[in-house]
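Have a look at the structure below before the remarks.
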Amino acid sequence: MTAIRLQQRGLIRRQAMLEAATALFMEQGYERVSLSDILERSGGSRTMLYAQFGNKEGLLRAIIERAIARTWQALDVDPVPALGAEAALRELGRRFLDAVLADDAIATYRIITAEAHRVSGIADFFFDLGPRRFQGRLTSWFRAAARAGMLQADDPDGLARVFIGGVLGDLHLRRVLGLVDGYTEAEIEAHLRMVIATFTSGVLRRAGA
């Protein structure tokens with residue numbers, strides 16, 4: 001077997017372990033799941049699991065990293081240069097919602113909220129890797145947009161927090177709680193229109209005053 005095929009096989013096995021661990025953590029809770037349970041569902045050896053993840057907490061961190069990487073991939077494109085402030089905020093808001101409302105993101109968030117008080121450091125790990133990073137990116141955008149005269153941003157970090165909170169609204173919480181399975185395109189667009197209109201009626205009006 002060639003080195004490339006061995007590498008591909010290892011990646012497939014790693015993915016299977018992550019999928020199995022995610023499903024089992026959701027079904028039974030992190031504390032109740034053993035490495036044997038994960039291997040029984042995913043296949044592979046304990047030696048490989050230890051080599052890939054170290055231990056069960058390493059698996060949990062890898063699940064978080066994978067979800068954040070997928071979310072960041074959707075967000076890591078700057079739409080601002082070709083768009084005005086309002087259109088750029090709408091684009092950022094839509095990408096953010098699409099990412100955080102995805103099934104794998106919701107599953108990971110449920111695991112984190114269930115285990116954050118039991119697994120030391122996991123809440124900080126998630127927050128630093130995901131929410132704080134996106135807030136920092138958005139803060140930088142508000143600062144740059146203010147310098148360009150597109151809007152007024154006396155407190156770019158505060159604006160970023162308000163914008164994120166508005167975009168999430170109750171959509172994310174309802175998905176996490178299982179009150180809805182998803183949203184229609186019309187529902188998401190209507191929500192974003194209201195959020196962007198409310199937000200920009202303040203910062204854009206002041207910028208042009």
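The values are calculated or read from the model by the stated rules, or taken from the named source; none is laboratory data. All of these numbers come straight from a predicted model, not from anything done at the bench. No Cβ is skipped: glycine too gets one built from the backbone with ideal geometry, and neighbour counts run over all protein chains shown.
Residue by residue, here is whether (1) surrounded by 15 or more Cβ atoms within 10 Å (Cβ to Cβ); (2) β-branched (Val, Ile, Thr); (3) not assigned by TED's automatic domain parsing to the domain that holds Arg66 holds:
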position: Glu91; (1), (2), (3): yes, no, no
position: Ala99; (1), (2), (3): yes, no, no
position: Ile111; (1), (2), (3): yes, yes, no
position: Ala123; (1), (2), (3): no, no, no
position: Ala145; (1), (2), (3): yes, no, no
position: Arg175; (1), (2), (3): yes, no, no
position: Glu187; (1), (2), (3): no, no, no
Unique residue being basic (Lys, Arg) and within 17 Å of Leu18 (Cα to Cα) when the list is Arg110, Arg118: Arg110
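Restrict the check to the range 25-33 and report whether at least one residue is of a type in the set (Val, Ile, Thr) and within 21 Å of Asp104 (Cβ to Cβ).
yes
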Output for the range 136-188, where each listed residue is within 17 Å of Val100 (Cβ to Cβ) and among the charged types (D, E, K, R): Arg137, Arg161, Asp170, Arg174, Arg175, Asp181, Glu185, Glu187
Output for the range 126-143, where each listed residue is in contact (Cβ under 8 Å) with a residue 24 or more places away in the chain, in contact with a helix residue (DSSP H, G or I) (Cβ under 6 Å, 6 or more places away or on another chain) and surrounded by fewer than 19 Cβ atoms within 10 Å (Cβ to Cβ): Leu129, Gln135
Check on Gly158, in a loop (DSSP other than H, G, I, E, B) and either surrounded by 19 or more Cβ atoms within 10 Å (Cβ to Cβ) or within 22 Å of the chain's Cα centre (by Cα) (or both): no
Residue among Val119, Val195, Val180, Val167 that is β-branched (Val, Ile, Thr) and surrounded by fewer than 18 Cβ atoms within 10 Å (Cβ to Cβ): Val180
Sole exception among (1) over 19 Å from the mean Cα position of the chain (by Cα); (2) of a type in the set (A, V, I, L, M, F, W, C); (3) in a helix (DSSP H, G or I) for Ile164, by number: (1)
Positions within the range 136-155 being within 13 Å of Thr200 (Cβ to Cβ) and outside any loop (DSSP other than H, G, I, E, B), in sequence order: Phe142, Ala145
Of residues in the range 39-67 being free of Cβ contacts under 8 Å to residues at least 24 places away in the same chain and in a helix (DSSP H, G or I), the one surrounded by the most Cβ atoms within 10 Å (Cβ to Cβ): Leu39
